[in-house]
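Beneath this line is the structure, given in structure tokens, with notes to follow.
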Amino acid sequence: MKTFFEGTEVLSYKGSKSHQLSKTKSIFFLLFSFFCTLISFAQTQDSTRVNSLDEVLVSAVRVTAKTPVTFSNLDKKDIKYRNLGQDIPILMNYLPSVVTTSDAGNGFGYTGIRVRGSDATRVNVTINGIPYNDAESQGTFWVNMPDFASSVESLQLQRGVGTSTNGSSAFGASLNMLTDNYAFKANGEVSSSYGSFNSRKNTVKFSTGLLNDHFELAGRLSTLKSDGYIDRASSDLKSYFLQGTYVGKTTLIKALVFGGTEKTYQSWNGIDAETLNTNRTFNSAGMYTDEAGNTRFYDNETDNYQQDHYQLHWNESFSDKWSTNLAVHYTKGKGYYENYKEDADMKEYGLLPIEAITTTDLVRQKWLDNDFYGTTFSVKYKDEKFDVIFGGGWNKYEGDHYGKVIWARYASQSELGDHYYDDFSTKTDGNIFAKANYQFTEKLSFYGDLQYRNVQYKANSIETGLVDDNFNFFNPKAGLNYEINQKNTLYFSYARANREPNRTDYEGGNVKPEKLNDFELGWRFNSEKFQLNSNFYYMAYKDQLILTGTLDDVGSPIRSNSEKSYRLGFEVDATIKLSEKFMLRPNFTLSSNKNVDLAVEGQNYGTTSIAYSPEVIAGNIIVYSPIENLHISLLQKYVGEQYMNNIELPEAKLADYFVNDLNVSFEIKPKSIFKSIMITGLVNNVLDKKYVSNGYMYDVYPYYYPQAGINFLAGLTLKF
């Protein structure tokens, strides 16, 4: 859930907002103008080498098999077989150490991802190297980017600290996504899918191809709707993607505009154990009692949000050894959460009591109105033995939080629609880094990475009080990569990360920034028919902000510092080609995730399991291709039992589960009209397992988010 906070106005901040916006936006547009001047200059350069889009847009945040970092890749081909409307986390479900969640139970609407037990606020996400995580809550709200998978060329998930990235430090993983590459020839695509719970997706894509060998315009429009598995957990989503590309002899310039709107009926309340056994799809959100004493449900208990992204990238190759990347970006987000509130204190909402009447039923809206903008840059030098990148970024977030009452059962002399709280927050995040690979010998290479990051955060609300913090972080990383022979490689790395609290963390008071030392030891084996990646990791935390298992009043997870904790694990993933028709892609993670001498409200609980951190996670994909264009996959996922709090209450234990999905696709390549006709089918949870992937604790009582039983999606894609 996006972070909608209540609070009171602080005049010293609020009064200066217009000046702050004017000043910072002036800086942004000056930078934008300077950037456009550079573009004009770049078009006059003369050389014969153009870097590929993959190299220039994500080289500063991605790694290769020669880097001592643990990672997994997914490209457009991997994604297309299951891209039928479910969110990006669901498409990543079968990667190592990944656990996914869905509020609606079927992968539409609000979804989440955890990696090595770390929640989504600790997974750093970038799009073309630009930070995507919400700067203030640090969350990633995929519902704001419906069907973004249709515009992704590839993605890389780095587990652990990984490399230096823009935005908040990665404390469980970093996910960087590269959007569609430019096309040489004009093309188009129309795809539609339909499935259980009245779920459907319609997408139209086009590309002009390179006009005059230099210019391309491409875009996408998508609509997605679903009733959800959970009662009333509906979603109505729309998105767009438009990019223009200029390709010169040494230059690549890419301008992107993309975004989405969403209206999602809330389903974050979960259900208790008794309801789980009797009515798995029950949703208490919006429930109230009318004047006649009847139980009813408010029909607009919804989250409504629009987010628009603007990116401009300039990539220049000065020679075979030198290249640069410069980008500016701006994101506008605005929306509200609306809900029905029973027996509300009228004074709390700025309403005047009417004689003896001091409480009333009302409908409130909690609004967000925010701006996020900045720049990222990098300079790369590469020769036979030495590969170095210098770079950094500067980003600023400015956000309004305010609330309105749009209806009250008992009217008063107050005006409906007046703000009953007004908060404002700003966050400035700047970093510089230098990272290098040096080939000592033919077999041994060294990796080094140094980052300095400064964060300034100001906020005000009733929950947090007045916050004015400044953080300075130094994050060194180093490692060795040793190629035993052409098939075997060993690597070892150490990485240090520091991370600031998010806004919700300040509600508990006395919150501290967290620190992490990450050690990775891995072995990679690569042959024609067998590829294996294995690694041990030890992540030692100081003041880790662990999930407590409880939620605030708008569904945001509450965290608290654990003075000392660690995650110790062993990960394996492989690709096994049994024949030309059969392939296996198994992976598993065995881990121990512990708080050491955990103290909660003055009581010491000793060594306990960290919440939401299963000790066993396993996945497997069995691929069978009896003929060239027929693709059949059985996708399997096992998640071991886990606790929903940190004191190991028996009631807080989530049971393990094992789920199987069946995916079938068949592609026809006609000789006229269409280049390709693809028919795709996906049966989720084919064995109809009744399982729960997520939950929370209300005092000592568990609440659960049940997932859908057997359900299907079917799609048709036409390319021309």
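At-a-glance table
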item: M539 vs. criteria in contact with a Leu (Cβ under 8 Å, 6 or more places away or on another chain), surrounded by 14 or more Cβ atoms within 10 Å (Cβ to Cβ) and either in a loop (DSSP other than H, G, I, E, B) or at pLDDT 95 or above (or both); result: yes
item: Pairs where the first residue, in the range 108-128, is under 12 Å from G162 (Cβ atoms) and the second is assigned to a helix (DSSP H, G or I) and not aromatic (F, W, Y), C-beta under 9 Å, 6+ apart; result: V115/R122; T126/V58
item: Identity of the residue in the range 314-333, surrounded by fewer than 17 Cβ atoms within 10 Å (Cβ to Cβ) and part of a strand (DSSP E or B), that ends up modelled with the highest pLDDT; result: K332
item: Residue count for the range 169-219, restricted to those that are closer than 24 Å to K675 by Cβ and of a type in the set (S, T, Y); result: 9
item: Residue tally, condition under 26 Å from D429 (Cα atoms), part of a loop (DSSP other than H, G, I, E, B) and of a type outside the set (D, E, K, R), over the range 473-513; result: 6
item: Listing of strands (runs of 3 or more DSSP E) fully contained in the range 245-313 that carry 3 or more residues being at pLDDT 95 or above and under 19 Å from the mean Cα position of the chain (by Cα); result: 251-265
item: Some residue of the range 168-176 being surrounded by fewer than 18 Cβ atoms within 10 Å (Cβ to Cβ) and within 30 Å of N269 (Cβ to Cβ); result: no
item: Test for A218: is it over 24 Å from the mean Cα position of the chain (by Cα), without any contact (Cβ under 8 Å) to a residue 60 or more places away in the chain and surrounded by 17 or more Cβ atoms within 10 Å (Cβ to Cβ); result: yes
item: Selected residue (criterion: surrounded by the most Cβ atoms within 10 Å (Cβ to Cβ)) from residues of the range 99-119 that are hydrophobic (A, V, I, L, M, F, W, C) and touching a Pro at 6+ places or on another chain (Cβ under 8 Å); result: I113
item: Test: residue in the range 110-121 that is of a type in the set (S, T, Y), within 11 Å of the chain's Cα centre (by Cα) and more than 28 Å from I679 (Cα to Cα); result: yes
item: Matching residues, the range 612-634, being in contact with a Ser or Thr (Cβ under 6 Å, 6 or more places away or on another chain), farther than 18 Å from N83 by Cβ and assigned to a strand (DSSP E or B); result: I617
item: Members of the range 258-289 found to be in contact (Cβ under 8 Å) with a residue 24 or more places away in the chain and either charged (D, E, K, R) or surrounded by fewer than 16 Cβ atoms within 10 Å (Cβ to Cβ) (or both), listed by number; result: E262, K263, D272, A273, R280, T289
item: Elements of type strands (runs of 3 or more DSSP E) contained in the range 154-229, each with 2 or more residues being more than 19 Å from V143 (Cα to Cα) and out of contact with any helix residue (DSSP H, G or I) (no Cβ under 9 Å at 6 or more places or on another chain); result: 187-195, 199-207, 215-226
item: Hey, S150 of a type in the set (S, T, Y) and either under 30 Å from T375 (Cβ atoms) or touching a Ser or Thr at 6+ places or on another chain (Cβ under 8 Å) (or both) or not; result: yes
item: Among (1) of a type outside the set (A, V, I, L, M, F, W, C); (2) farther than 30 Å from K458 by Cα; (3) touching a Gly at 6+ places or on another chain (Cβ under 9 Å), the one test that S560 misses; result: (2)
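Let's see how each residue does on (1) farther than 30 Å from S565 by Cβ; (2) crowded, with 19+ Cβ neighbours inside 10 Å; (3) at pLDDT 95 or above:
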position	(1), (2), (3)
V616	no, no, yes
V623	yes, yes, yes
N629	yes, no, no
S633	yes, yes, yes
Q636	yes, no, yes
Y643	no, yes, yes
F658	no, no, yes
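The values are calculated or read from the model by the stated rules, or taken from the named source; none is laboratory data. This structure is a prediction, so every number in the text was calculated from the model and none was measured. Backbone-built Cβ (ideal geometry, glycine too); neighbour counts: all protein chains shown.
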